[in-house]
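The structure appears below as structure tokens.
Each reported figure results from applying straightforward, stated rules to the coordinates on display, with no laboratory input. The model shown is predicted, which means the values in this text are computed figures rather than measured ones. Glycine also receives a Cβ, built like all others from the backbone with ideal geometry; neighbour counts cover every protein chain displayed.
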Amino acid sequence: MRILLFCGKGGVGKTSLAAATGVRLAALGKRTLVMSVDPAHSLADAFDFGGDLFDSRTGDPYSVAPNLDIQEVNIQREIRRHWQEIAAYVSGVLRTTGVSGVEAEELAILPGMEELSAMMYVNQYRRESRYDVMILDCAPTAESLRFVSLPTTLEWYMKHIFPFQRTMLKAVRPIANRLSPVELPPDNYFANVAKLFSRLEGVDAILSDPSITSVRLVTNPERMVLRETQRTFVYFSLHGLTVDSIMVNRVLPPEVNDAFFAEWRSSQSTILREIDEYFAPVHVRRVPLFTHEVLGRQRLEELARALYAEDDDPAAVVRTERPYSFEKFEDRWEVRVDMPFASKSEVGLFKKGDELVVEVGTLRRHIGLPTSMAALEPSRARLAGGKLIVEMREK
Ligand SMILES: Nc1ncnc2c1ncn2[C@@H]1O[C@H](COP(=O)(O)OP(=O)(O)O)[C@@H](O)[C@H]1O
Ligand SMILES: [Mg+2]
């Protein structure tokens, strides 16, 4: 079973590329699900299933072709199903602080709930062996990232805080409810958190297993989009997910030579070079800008042909090595970079803004540093077991 996450900034083409990938996989005979997690769903639209044909409000998997289901996670229904107690408690607390009813209910929809709900489905379908490939069309970067760390956060909470809080609350509730203006969570709140957790159990292991989960970062050849793609790449690496390809969408095709686009063409070619350099050795795919929107089955097939060669299997595992990983120690951080062929004499190291630049002979790797490490300086590097280990310390 494979899970493919399509992530990137809003409007770059995630939904189109995720849907096209689904179309190709289904044609190869794989039982495929494309699940939309973006609250601004457009998956059904990409298949041109509007109106009566498709009722996305049900939020259930819907068959659009042999071997191909789509599902748009419906957050309102998910809340009714799984988050009711939690949302009720949070909105109750908000109301006591003076936030009005409707607003409190809106605010009680915590960021990341869509993603967590999607993860519960992924977990469920995995247990049922329902699909060979599950493709997640994620929400735009900022929101879609949080769920990556949520299962681990939840696990920590369940182990350390939850049992303690629960016992303590049992003891203090009778008095506290009389004194405190903020209502304490009722016992079914805890039962619900426990149930939610059990539905998510194992998801973090699936996400960080590169032979199951691969992230495909969708981007455009534009400076601002690239910056965000780099940040996303760093974030996923930090959380142990493997990005196995970068998909650069909307590349001007060679036949466009109108003077109006001359500057676009030259900036695109500069940025395409930067993309290759920054993300190497991760595979970079380019997708041309079409003369039209990608709407409906035929257009999706056309997009799939631009994206994949005839004999390409979009679900193939192409990378199991993380390009780099970070580890924190008491007095330092370590950045581990895969460098099977490097010998010590050739390695050069320096920092450029919030990037660590590693040079091995003529090869240069840029490693984006997470915010928490951006102020550190490389202090030492050593090669061990085909990996370059760079120590980072405060200046
Ligand atoms: N390569 C392309 N050429 C032309 N139009 C495209 C291309 N890729 C996507 N589009 C169109 O751009 C719009 C946004 O794409 P979409 O896949 O919905 O982006 P996202 O899901 O990242 O927000 C859609 O109307 C889609 O049909
Ligand atoms: Mg979309």
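Here are the numbers for the structure shown:
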read-out: Difference of contour (0.36 nm per residue) and Cα-Cα distance, Ala65 to Ser269; value: 69.7 nm
read-out: Segment Ala374-Ala262, extension gain: residue separation times 0.36 nm, minus the distance between their alpha carbons; value: 36.7 nm
read-out: Amide H within-cut-off set for Met247, under 5 Å, with H built and near neighbours excluded; value: Leu217, Val218, Thr219, Arg285
read-out: For the range 182-311: relative contact order, % (alpha-carbon pairs under 8 angstrom, 6 or more apart); value: 22
read-out: Rounded to the nearest 20 debye, dipole of the range 324-393 from Cβ charges on Lys, Arg, Asp, Glu; value: 140
read-out: The range 276-335-the range 193-255 distance, computed between alpha-carbon centres (Å); value: 9
read-out: Contour excess over end-to-end distance, with Cα ends at Thr291 and Arg77 and 0.36 nm allotted per residue; value: 73.3 nm
read-out: Cα→Cβ-extended label distance, 7 Å offset, between Thr320 and Ala384, nm; value: 2.3
read-out: Which of Lys9, Lys387 has the fewest Cβ neighbours within 10 Å, and the rest in rising order; value: Lys387, Lys9
read-out: Whether the range 233-333 is rounded, prolate or oblate, judged on the alpha carbon gyration tensor where a/c under 1.5 counts as rounded; value: oblate
